[in-house]
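All remarks here apply to the structure that follows.
The values are calculated or read from the model by the stated rules, or taken from the named source; none is laboratory data. Quick caveat, the model's predicted, so the values are computed rather than measured. No Cβ is skipped: glycine too gets one built from the backbone with ideal geometry, and neighbour counts run over all protein chains shown.
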């Protein structure tokens with residue numbers, strides 16, 4: 001199962017008492033707690049440069065400045081209006097490419113994670129021990145957000161001004 005016991009103890013206990021086959025927690029829950037890989041990958045191109053977000057320079061600078069970070073990630077769902085990047089460039093950094101979320105969440109500058117509460121994000125966040133501001137958008141995300149708040153108590157739900165997910169934050 002793509003989980004680990006600390007998130008869903010009652011589910012695993014019930015399943016293993018009453019159902020077959022037994023459920024074992026493998027996948028991201030287990031992998032998040034594992035040691036980072038020690039092998040280094042070589043890329044086909046000699047000109048390959050590690051993307052800036054992997055170098056973590058921006059986050060490292062926040063630590064040096066004595067500041068913490070609110071990490072915002074909505075997977076590939078977010079739609080940003082024109083001018084957003086310009087408005088936040090002095091306070092934040094916008095990454096349009098893939099980001100190693102586990103690495104970002106594990107950085108000492110990251111104190112809060114504003115998340116859509118997709119399952120992988122919840123698992124990676126639980127492993128990183130960062131508080132969640134839950135802003136679910138669709139599918140199973142509202143259920144995951146409820147679990148984050150009520151069951152494992154590692155976050156709060158973002159309140160919006162109307163019932164739409166695109167409403168203004170209160």
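General observations
- Listing of helices (runs of 4 or more DSSP H) fully contained in segment 76-170 that carry 1 or more residues being free of Cβ contacts under 8 Å to residues at least 40 places away in the same chain and exposed (fewer than 13 other Cβ atoms within 10 Å of the Cβ): 84-88, 141-146
- Filter pass, residue 157 being at pLDDT below 85, within 28 Å of residue 10 (Cβ to Cβ) and under 16 Å from the mean Cα position of the chain (by Cα): no
- Qualifying residue in segment 106-125 (condition: at positive phi and out of contact with any strand residue (DSSP E or B) (no Cβ under 9 Å at 6 or more places or on another chain)): no
- Residue-level check: of (1) surrounded by 12 or more Cβ atoms within 10 Å (Cβ to Cβ); (2) in a loop (DSSP other than H, G, I, E, B); (3) modelled with pLDDT of 80 or more, residue 62 misses just (2).
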